[in-house]
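Here the structure comes first, spelled out in structure tokens, and everything after it is commentary.
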Amino acid sequence: MLCAHRRQVTEVTEETAKHRGAEKRRKDREENWFSPFVPRCSVSLCSSVLSVPSVCRTGGGPSMRAFLVALLVLAAAPGASAQITSATISGTVKDQTQAVLPGVDILVSNIGTGLSRAAVTDANGHFTIPGLPPGAYETRASLQGFATSVERLTLAVAQEAGLSLTLKLTGTEESITVVGTSPLVDTRSAAMSAVVTEKTISELPLNGRNYIDLALLQPGVNSFTEKDSTSSSNRGTKLNINGMSFRSNSYLLDGANMRGYAGTATVSAAETTLGVETIQEFRVVTNAYSADYGRAMGGVISLVTKGGTNAFHGSGFGFARNSAMDARNFFDRGSDPPPFKRYQFGTSAGGPIAKNRLFFFGGVERLSEDLGITTTAFVPNEAARSGALFPINPIMAPYLKLFPAPNAGEASAAQGIGIFAYELNQPTRENFFQGRLDYTVSDTDSLFARFTHDGADQTVSAGFPDYATDSVSRNQFFTTEYKRIVTPAVLNTARFSHSRLRFEQLPAFPSVPDLAFIAGQDQMGVLGVTGLSGIGGTATNPSSNNSFYWTFSDDLSYVKGRHLLKTGALVEHLRTNKLTATNIRGSYTFANVRSFLAGTPTRFVGVPPGAELERVRPNTLVGFYLQDDYRTTERLTLNLGLRYEFYTVPAEANGLDTTLRDILNDRSFTVGQPFAKNPSLGNVAPRLGFAWDATGNGKTAVRGGAGVYHDTDGPFNSAFGIAAFSPPFAATATINNPTFPRPASLTAGAASARTIDYNIKQPYGLTYNVNVQRELAGHITATVGYAGSRAHNLMSAIEANPVVPVIQADGSKFFPAGAPRRNPAFGPIDYRTNGGHSEYHSLQLSAQKRFSRRYQLQSSYTLAKAMDNLQAQLNADVNNASVYPQDPYDRDIDWARSDFDVRHVFQANFVWDLPGRDGSALHGGWQFNGIVTLRSGVPFTPALGGTNWSRSGNTSGEDRPNLKPGVNPDDLILGGADHYFDTSAFVLPAQGTFGNAGRNLLTGQNYAMTNVSLVKNTKIGALGGGGQLQLRLEVFNLLNRPNFATPDRVVFAAAGGSEPALPTAGRITRTVTSSRQVQLGVKLLF
């Protein structure tokens, strides 16, 4: 379906007309969900024909050749193991007088697999053993004449564990001392990070069993929910880490890239990440991380999958939800919630194939959900529909009939707005499986291989009952890793991975060719009426966001005295297939209900037929690093790193790039390279940190660090999607005061365009922190610290061709009617450039107790402030503001709270084995777990309707109202869903001028969520030592709190000089979380 590289819009329309009948397609997919997904180079998920475009047969042009050359160079270089998935043990051995002991034999053995590593202490009594897979270990230190010391500890992913061992003299037979503690304080690394352990993943009440959500338990990490979740670029959890954009994070699965096209973690159509039973643990790194991490300047989520051991182990599980057990949502009508059924089940198992040599682990999971949702929409009321309120142009009658009749009262009888509430079903089906093999080839060689598949299908509403969007995703990941111990001091790790992330959206809209806005279209476009809910579905589909990664990395660890040296290289080839079809069916904007009934729109935006809208972009990322973790003294470690990372220019494979090289003077687009020069060639990134064992006993650490980081993993992906609408291959017609229902011409007048800055710059950021970590009584670790960041050259949107203003005596701008644009050869130019910058400051507090004495506990608090002058790239990125500055001539006027700024965040979670008689089947084995989240609301911006009241020409952005003199914005919040903020504090500015209401002036409702689970564990001896039956009762949103979304921000329709505020202004119609839901579960562990 979406296979051709040179696509005609009419072809897209003909094909998408075939994709109705979502329920039938869902059933067909459900019957074949175990069928293998055949890897192929084409972007189609729906066609059964295997097609190989020329870009794949030829290797993708210069970018693929660069990948092959870099790979050959890397293969010829000396072996160069990254610590992003493995752990390191280092320490000092002393005798009872505290004198160091050289020549001590150190043997570290994995308790589960038998894997062993050996070292000998140097003249200073030091030893370091890197490259250890996470797990439980036994460290044995032995020296002739001394009792052997054995210490057992558990190593986490990317942990640098520091040990201090003491050997006692013995005059007789050798004795063994066993010490069973693990380091609680990090005295080796400056990076701010935390581990989400296997017990946390398996025991906490996890809504949707999406383990990525557990990253939110860490300080400095926040989830942004005010997005358009139906957009193909907004699927998945959007994490803002230490003030950076959600696009600035790196997601790694066993070291392999699992980042989606638009920057989120895996683009599952179900907006979740399955496979909880196959994940061992993961580390969330938020600030000042070392040079072996690349690709991103935000945070790093590094996941490690489970492998087999010498014991057979696994699980079988099933979870069920039903609306009969749930509470009503705040906006549900009637006494019962809409129908809801969810079933999630699967199994996992692992064990030895050959003891101490060959192991397997695998898992399968299935999700089947039918979610009932109550939606509130605004429609013409009965008086408007009958013509009693305003006269109706006969040409508007069939379009008026598309709106359902109101059934939930009036929003404003005088303005003709009624309320329509309805229930709909949102079906979701997702299937996951994963398999892994680990093989110890010899005492010096080991390897593993893993394959993961995740396929999902979901149908979501597109505004009204007859309009929906079908989302389809197919994600596959293959990784293999080979480790070799070259000498006791040198370890080499080579890794290859291939990731295929496919996501497409298809319109499921009614066929109404007689009502189409553009000739040849089978479906109508979008009707936007200020005060009413838009009808006509969504303007952005069909669409595809597909990414294909081929990655090779090689890393070398070398221990030399007090130095742990790490160096390595990364070569990653990325090919993206992006179809952007925004407005191929056209969109009309009306100022209010009166103008809609009269058939007098203010604007039309559409794509003329014949546009070529798919873009294929290959490029190759190459990175090199050097890291030295230098123990300058017994108590002070310096982390010194340098990384250099660049990429080839992601030029379109079929020559479809066009640019405006001089935005002010060019009279036409130039076909050729998208950028004047490669912006990444100067990406030198130094990193510096320290960790000081302040007391010398490993119980107090003072740490700090700073570094330079670059976004290099597809930083322009979303911007390139916008830039597809550039002449001569594609264009967008923007027509003011057009005829209806079809514009007189889509090509007359100045052409509008959407493009990317030809002189683009590299986005980069600086992060820094200082903190103190202390082990308290009861094995509690407390951390208090400051973390901050600054980012520059952030990708953002702006109107690049505004109208030329008249500068008035007071310095303000006035835009006369009919004034020319800066470049008269074009209409509006929707531009993506590097004008954004940001800063972030935070106080971060955390306390954590590992599981012991029947409980574990973690809590964190972040007091933060994030500021920027806009850094979102797409309209769908945010619902609480516009992504465009109001004044295109001065974007710094919009320096304000970031759209995702949350001032206070508190998180707490616990696992508690309740007291009871362990031998009793009834009174023993009970467990109570919970997660509590409290955070401030996000800011939002009051706005005017889409008439471009200022006449600035910023038709993609928003104008704003004036705030009355003397009004304190903090006093405007009234609360409640019907009238959240006081609209009487605003007035309509004079036409041709900007409003003075600031960006993100107001703040939305606070957020609170409590999830708990009650678990009964019953031991079953027949299943082995750890065998048990687990019955789970989980309650999400225990207190049934409605966490409201951002209210309607449009205060005035801006259709005339004297008009009242819209009745919909300040009204809230949805929540960002579900009501209280109950889940029953059963797990069989063996």
Legend entry - Given charges at Cβ of Lys, Arg, Asp, Glu: segment 207-1085 dipole, positive-most of Ala943, Gln415, Tyr855: Tyr855
Legend entry - Given charges at Cβ of Lys, Arg, Asp, Glu: segment 207-1085 dipole, positive-most of Gly1025, Ser668, His923: Gly1025
Inset, instruction - Find out how many positive minus negative residues lie around Lys1019, taking Lys and Arg as positive, Asp and Glu as negative, among other residues whose Cβ is under 14 Å from that of Lys1019. - result: +1
Legend entry - ³J(HN,Hα), Karplus 6.51/-1.76/1.60, whole Hz, each residue of segment 132-139, x for Gly, Pro: 9, x, x, x, 8, 10, 10, 9
Inset, instruction - Treating cross-link reach as a plain straight distance, find the aspartates and glutamates whose alpha-carbon is under 12 Å from the alpha-carbon of Lys1019, omitting any fewer than eight places away in the same chain. - result: Asp918
Inset, instruction - Determine which aspartates and glutamates satisfy two conditions relative to Lys341: a Cα distance under 12 Å, and not lying fewer than 8 residues away in the same chain. - result: Asp326, Glu369, Asp370
Inset, instruction - Could you sort out which of Lys761/Lys813; Lys483/Lys566; Lys849/Lys1016; Lys238/Lys306 sit more than 18 Å apart by Cα distance in this structure? - result: Lys761/Lys813; Lys849/Lys1016; Lys238/Lys306
Inset, instruction - Measure off 7 Å from each Cα along the Cα-to-Cβ vector at Ala99 and Ala397, then give the distance between these two points in nanometres to one decimal. - result: 10.7
Legend entry - At R0 = 45 Å, FRET efficiency that the Cβ-Cβ distance of Arg742 and Asp892 yields, to 0.05: 0.65
Legend entry - Per-pair calculated FRET efficiency, R0 = 35 Å: Arg790 and Leu1039 via Cβ, rounded to 0.05: 0.35
Legend entry - Longest to shortest principal axis, alpha-carbon extents of segment 942-999, angstrom: 35, 25, 16
Legend entry - Rounded FRET efficiency, nearest 0.05, which uses the C-beta distance separating Phe345 from Ala449 and R0 of 22 Å: 0.25
Legend entry - Proxy reagent accessibility, fewest Cβ within 10 Å first, across Thr286, Thr783: Thr783, Thr286
Inset, instruction - Consider the candidate values (i) 9, 23, 29, 23, 11, 4, 0; (ii) 12, 43, 34, 10, 1, 0; (iii) 9, 27, 27, 21, 12, 3, 0; state which one is P(r) over Cα pairs in 20 Å bins from 0, in percent computed from the structure displayed. - result: (ii)
Legend entry - Cα-centre dipole for segment 207-1085 with unit charges at Cβ (Lys and Arg positive, Asp and Glu negative), debye to 20: 1700
Legend entry - Approximate spin-label separation Leu843-Leu776, in nm, with each point projected 7 Å along Cα-to-Cβ: 1.6
Legend entry - Considering only the chain, percent of DSSP beta bridges that pair antiparallel, nearest 5: 95
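Every number here is computed from the coordinates shown, using simple stated rules; none is lab data. Not measured: the values here are computed from a predicted model. Glycine gets a Cβ as well: all are built from the backbone with ideal geometry, and neighbour counts include every protein chain shown.
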